[in-house]
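One structure is given here, and the rest of the page talks about it.
Readers should treat all values here as calculations from the given coordinates under stated rules, not as data from a laboratory. Owing to the predicted nature of the structure, the values given are computational and were not obtained by experimental measurement. When we count neighbours, we look across all protein chains shown, and the Cβ atoms used for this are built from the backbone with ideal geometry, even at glycine.
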Amino acid sequence: MTRAWDKMQSYKLEQVKAFVRPVGRSPDMRSNIREASEAVLRKVQVLREQMDNMWSEITEQTLALNQLCKVNGFSGTTNKNAFELYEMGQTFAVQSFTDINKGELFHIENIAELFLSSNQEHMSFVIRNTPFFGGKFSHCIEVFPEQSVFEHKTKDQYSKFWINRIQWSVGTYVESLRFTQANGTQSPKFGAKPFTHNCDLTSPIKKVEVTYRERGIVSLVFYTATEELRIQGDGEGKHSDKVEIVEGVEKLVQFRVRLAQNLVQGISFGVLTNQALKQLKGSQ
């Protein structure tokens, strides 16, 4: 019974992770979420102690009542046997009810801990790399910026780490790309084909949609708070995926590009995030 209930609570937690934004959109909201989570955790601890004492008392009182019934006697052997079965069932019912309520408490506690850990302001920041969209494992990979750029930096130092300009060329697939950050740092030219298009962005990218095949990227769609930039080839996509960035906490800061014969074949995105969110994304 307890094991089955634990599985149910685990499923509930996964539902919450899938349905609810775990991180506050602003510092004030994250502070409010932390305070509310801490209040829940305090109440859960008090209630757990009260429940332990209460169920111990109920168990003792039930056993005492049953003993009095036995001393008082039965109207026949059959009734005595029936009462023993009733007593066993009563013990099981009390224990099951206790397990169910404890399970609910653990569920409430797990949810509060999820929100508390996801809204800390001073957590270590890490790069969450998405899978590659398009290309083969054997293809050459180029990275911008290099991983060393992100070492030993605080959150404030990432304020200009967002893409405000993209250049590209397309044919059947996306052939060449270049990204420029808000601080002026420019990526290498990924792919040898001359650029035919460019676009400036006024705010950080918050979502990317990718359509691709193994042989190349058919389309890239970048979304900001107010803009939609579509880079579209003439080919037909086989797979589609999207990368979503948690506003106010995460930021798209890195690109890993697969190249073959001086043409773009695939792409992966590096998202600056905190450790709790990286673990959360990895578990989904």
>> If R₀ is 51 angstrom, what is the calculated FRET efficiency for the pair SER31 and MET51, using the beta carbon separation as r and rounding to 0.05?
In response: 0.95
>> If I model a spin label as a point 7 Å beyond the Cα along the Cα-Cβ vector, how far apart are those points for ARG165 and CYS140 in nm?
In response: 2.5
> Where does each of 264-270, 39-45 land if you order them by average Cβ count within 10 Å, highest first?
Replying inline: 264-270, 39-45
> Under a Cβ-Cβ cut-off of 13 Å, what is the net charge of the residues other than ARG42 that fall near it, where Lys and Arg count +1 and Asp and Glu count -1?
Replying inline: -2
> Cα convex hull of the stretch 125-283: how many Å³ per residue?
Replying inline: 111
>> Can you compute the FRET efficiency between SER148 and GLN261 using 1/(1 + (r/R0)^6), with r the Cβ-Cβ distance and R0 = 22 Å? Round to the nearest 0.05.
In response: 0.20
